[in-house]
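Here's the structure we're looking at; comments come further down.
The values are calculated or read from the model by the stated rules, or taken from the named source; none is laboratory data. These figures come from a predicted structure and were not determined experimentally. Don't worry about glycine lacking a Cβ; one is built from the backbone with ideal geometry, like all the others, and counts go over all protein chains shown.
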Amino acid sequence: MMEMALFSALNQQMTILFFDDVSDYQITKVCKSIRTMIIPNGVKGFVSDFMRGVRVTERFELSDNLISIGNNSFDFGTEVYCVFANCILPSVVISGSVKEIGNFAFGHSHIDVLQLPASLHSPYGRQFKDSYIGLLRLPHEWKEMASLDDHGHLKVNSTLDSEIFGYLRWPSTHVERLEFY
């Protein structure tokens, strides 16, 4: 079983607990706004609703060796969803170690800057449904397969394999700007 992280916020204090089994754990959050959230190295995944509805005002960092942001294909023992749903996040850089973004992981969120790695392969699961993304940064090798339409929706080449690039299908997500790195 992989190590999981649980976010708990009380009185503007933040605690991350590490454990192996989350099957009977219920999450409660009091704090809805924090300045900084740094997920330390060693965390491989999250419980459902890990940070749902939280606003991070200054700095948000995911660990460099994170494997999954939601779902259960990496043996977390239970379906994991809505990890960062309904959040307001300044910048999200997903590292190349992430193999999957699960169902509704960032759904209904506002993300100022989102950077995705070329190595990420995940089927469609409404990962960014109804979200707003100020700047979307994609790998330069994707320049021929992705663009924005006139309404700020991401368009991807329809010949792409949905099992690999399904998470890029965002019909209801608004993207202000697209950049390739």
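Looking at residue 34, is it at pLDDT 85 or above, more than 14 Å from the chain's Cα centre (by Cα), crowded, with 17+ Cβ neighbours inside 10 Å and more than 21 Å from residue 129 (Cβ to Cβ)?
Numbers: at pLDDT 85 or above: yes; more than 14 Å from the chain's Cα centre (by Cα): yes; crowded, with 17+ Cβ neighbours inside 10 Å: yes; more than 21 Å from residue 129 (Cβ to Cβ): yes.
Answer is yes for this residue.
Residues in segment 125-150 that are in contact (Cβ under 8 Å) with a residue 40 or more places away in the chain and touching a helix residue (DSSP H, G or I) at 6+ places or on another chain (Cβ under 9 Å): how many?
4
List the pairs whose first member sits in segment 37-49 and is more than 12 Å from residue 102 (Cα to Cα), whose second member is surrounded by fewer than 22 Cβ atoms within 10 Å (Cβ to Cβ) and of a type in the set (Val, Ile, Thr), and whose Cβ atoms are under 7 Å apart, counting only residues at least 6 apart or on separate chains?
So the pair list comes out as 37/56; 44/67.
State which residue is modelled with the highest pLDDT when the search covers only segment 50-69 and only residues that are of a type in the set (Gly, Ala, Ser) and within 17 Å of residue 99 (Cβ to Cβ).
Once the filter is applied, the top-ranked residue is 63.
Kindly provide the set of residues from segment 151-181 that are in contact with a helix residue (DSSP H, G or I) (Cβ under 8 Å, 6 or more places away or on another chain) and surrounded by fewer than 15 Cβ atoms within 10 Å (Cβ to Cβ), ordered by number.
Matches in segment 151-181: 180, 181.
Could you check segment 91-107 and list, in sequence order, the residues that are touching an Asp or Glu at 6+ places or on another chain (Cβ under 9 Å) and surrounded by 19 or more Cβ atoms within 10 Å (Cβ to Cβ)?
Correct list: 92, 102, 103, 107.
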